[in-house]
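Step one of this worksheet: look at the structure below.
The values are calculated or read from the model by the stated rules, or taken from the named source; none is laboratory data. Keep in mind that what you see is a predicted model, and the values were worked out from it rather than measured. FYI the Cβ positions are ideal-geometry reconstructions off the backbone, even for glycines, and counts take in every protein chain you see. With ligands, DNA and RNA removed, areas are computed over all heavy atoms of the protein, side chains included. Shrake-Rupley method; radii C 1.70, N 1.55, O 1.52, S 1.80 Å.
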Amino acid sequence: MKEQEIKLLTSFRRELHRYPELSGEENETAKKVLSFLERTNPTTVNSGIGGHGLVVVYDSGQPGPSIGFRCELDALPIVERNSFDHKSENTSISHKCGHDGHMAIVAGVGLYCKENPVRRGKLTLIFQPAEETGYGAQSMLNDPKLENFLPKQLFALHNVPGFETGAVICKKDVACPASEGLIFSLEGKTSHAGQPEKGNNPAPVIAAIQLKAQQLHDEHWQSQNRTKITTVMMNLGGRAFGVNPGKGSVAFTQRSDSNDELAVVKAELISFAKEKCKIAGLALSLEESDPFKAVVNDPETFTAIQWAAVSQGLAFEVAETPFPWSEDFGRFSEVTSTGFFGLGAGLASPELHHDTYDFPDELIPVGIGMFLELGKGLWA
């Protein structure tokens with residue numbers, strides 16, 4: 001792309017960084033993206049899909065490939081600890097996962113289409129809301145407006161600290177694990193701490209559930225699917241030494257390379273909790289949160305990603321294990337052919353979700369180059 005176009009996209013990325021919005025609240029972000037892409041003469045623009053999602057289509061009207069590129073609109077509830085000019089203006093919200101950079105890259109593909117119209121097939125750009133919570137992709141898929149625009153091949157990327165800047169990292173088959181949050185809330189009966197026999201303190205059952213979770217973790221972590229359970233919260237009573245508490249909770253994050261194994265482990269933990277609560281006379285309520293499906297690279301899309309990197313002279317690394325974090329791209333893996341890869345953000349880069357993280361602007365042309373190479377059949 002031309003130098004002035006890269007400067008425009010860099011400025012756009014920094015504008016997005018200055019005004020981040022949380023999952024499900026990306027109204028102004030979507031407006032900024034829409035305003036930027038209107039100059040590129042898209043065939044069709046659909047907004048408000050599954051919340052604030054956008055789908056921008058460039059249709060040649062001729063037979064050919066159906067290819068899409070997807071990025072995320074949302075930011076995180078993290079206070080930014082940077083001092084540069086494009087620092088977040090929203091005190092408690094910031095782009096600490098690089099979604100601002102992902103949007104700039106996908107918008108760059110649209111900008112390329114302004115001077116280079118699609119000649120064969122159809123290109124679809126998807127700007128997804130609520131990625132961080134795991135609800136955005138399914139919300140878009142549940143929206144009938146997306147049905148006619150879902151491409152046959154859909155690609156996405158993510159910046160990855162700890163790798164050489166601009167290197168391409170890709171994993172065959174499962175690229176990111178499935179995960180889900182579980183909150184167990186138990187209720188018994190409060191009493192005076194001097195008369196615990198007159199109450200029903202859920203502490204022993206909470207402890208039993210936590211130990212069962214650890215047992216399941218130990219049993220499954222070494223499995224082929226690397227299933228694990230992390231205790232993320234425990235709550236019982238407070239600084240009141242005269243009170244025998246009657247309510248408490250414990251929460252976990254489950255993660256696995258297999259959607260099926262995650263479901264099996266989840267069911268076993270829930271069944272255990274229900275039985276223990278029944279025996280102890282405790283009421284149990286369960287809240288499920290932040291559900292992510294595993295991201296899967298089809299053999300064809302993996303090969304295409306590898307070739308796209310090598311043909312541009314980029315360093316390419318085949319990952320032996322999936323990325324450790326989940327990604328709400330997995331819902332798309334269930335309905336179409338998907339390809340997901342990482343772009344190295346630098347060996348000394350702060351980690352994702354760190355309060356000083358900032359997407360490296362030098363990755364913008366690299367990401368655009370990868371997407372254009374993956375979609376080159378559209379311009380053949």
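Details
- J(HN,Hα) series, segment 339-355, from Karplus relation 6.51 cos²θ - 1.76 cosθ + 1.60, nearest Hz, glycine and proline x: x, 10, 9, x, 10, x, 9, x, 5, 9, 5, x, 6, 4, 6, 7, 6
- Centre separation in Å (Cα based) which lies between segment 88-120 and segment 358-375: 10 Å
- Using only alpha-carbon positions in the chain, the gyration tensor eigenvalues give semi-axes of 43, 22, 19 Å once each is multiplied by 5 and square-rooted (largest first).
- q = 0.23, 0.26 Å⁻¹: log10 I(q)/I(0) that the Debye formula gives for segment 309-371, counting C-alpha atoms only: -1.31, -1.35
- Across segment 1-142, Cα-Cα pairs more than 25 Å apart make up 27 percent of the total.
- Heavy atoms of Trp379: accessible area, 1.4 Å probe, square angstrom to 10: 40 Å²
- Magnitude of the charge dipole, segment 213-345, Cβ model with Lys/Arg +1 and Asp/Glu -1, debye to 20: 800 debye
- Centre separation in Å (Cα based) which lies between segment 224-254 and segment 130-203: 18 Å
- Potential extension, Thr43-Val264 segment - 0.36 nm per residue separation minus Cα distance: 75.1 nm
- Protein-only accessible surface order, largest first, of Ile169, Ile6 at 1.4 Å: Ile6, Ile169
- Spacing of the two label points (7 Å from each Cα toward its C-beta) at Asn27 and Glu287, in nm: 2.5 nm
- Heavy-atom SASA rank of Arg70, Arg119 (probe 1.4 Å, accessible area, largest first): Arg119, Arg70
- Over 24 Å [Cα-Cα, segment 156-310], rounded percent: 48 percent
- Accessible surface of Arg81 - all protein chains present, 1.4 Å probe, nearest 10 Å²: 150 Å²
- Largest accessible area first, the residues Lys278, Lys96 order themselves as Lys278, Lys96 under a 1.4 Å probe with ligands, DNA and RNA left out.
- Accessible solvent surface per residue of the chain, calculated while the other protein chains remain in place, 1.4 angstrom probe, Å²: 44 Å²
- For segment 77-206, alpha-carbon Rg relative to the globular expectation (2.2 N^0.38 Å, N residues): 1.68
- Bridges between two residues of the chain, per DSSP, are antiparallel at a rate of about 70%.
- Sites Ala280 and Lys2 - FRET efficiency at Förster radius 56 Å, r taken between beta-carbons, to 0.05: 0.25
- Cα-only Debye scattering, segment 229-271: base-10 log of I(q)/I(0) at q = 0.16, 0.18, 0.34 Å⁻¹: -0.57, -0.64, -1.15
- Additional length obtainable on full extension of the chain from Lys376 to Thr91, 0.36 nm per residue less Cα span: 98.5 nm
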